[in-house]
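Report on the following structure.
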């Protein structure tokens, strides 16, 4: 996919909202001790590294349709995406 444009979108949601949604969907979420499970906590900490995005949406405040509208608007109106190129440059720099 080298050379192809791609809009890299960060989809964020606070951990407390993630846990509420897990409970609502699966009637499970927290450990027996009432803690956030370690894999969920680690995912929340690591999923957004290095944090380079062309656009970010927060699904705790925006419904899916509004998030999709923001993405569509960014694709139509710009500016051109650069996040994937930035990360590729970072990776190339790490290898030298």
Selected residue [touching a strand residue (DSSP E or B) at 6+ places or on another chain (Cβ under 6 Å) and either modelled with pLDDT of 95 or more or surrounded by fewer than 13 Cβ atoms within 10 Å (Cβ to Cβ) (or both)] from 89, 96, 67, 60: 67
Where a residue in segment 11-24 is at positive phi and touching a residue at least 40 places away in the same chain (Cβ under 8 Å) and its partner, wherever it lies, is in a helix (DSSP H, G or I) and surrounded by 14 or more Cβ atoms within 10 Å (Cβ to Cβ), with Cβ under 9 Å and at least six apart: none
Single condition residue 51 does not satisfy, out of (1) surrounded by 10 or more Cβ atoms within 10 Å (Cβ to Cβ); (2) out of contact with any helix residue (DSSP H, G or I) (no Cβ under 9 Å at 6 or more places or on another chain): (1)
Residue 32 in a helix (DSSP H, G or I), surrounded by fewer than 10 Cβ atoms within 10 Å (Cβ to Cβ) and either in contact with a strand residue (DSSP E or B) (Cβ under 9 Å, 6 or more places away or on another chain) or modelled with pLDDT under 95 (or both): no
Filtered residue count, segment 53-86, keeping only those that are under 14 Å from residue 9 (Cβ atoms), free of Cβ contacts under 8 Å to residues at least 40 places away in the same chain and part of a helix (DSSP H, G or I): 7
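The values are calculated or read from the model by the stated rules, or taken from the named source; none is laboratory data. All figures in this text were calculated on a predicted structure; none of them were measured in a lab. Don't worry about glycine lacking a Cβ; one is built from the backbone with ideal geometry, like all the others, and counts go over all protein chains shown.
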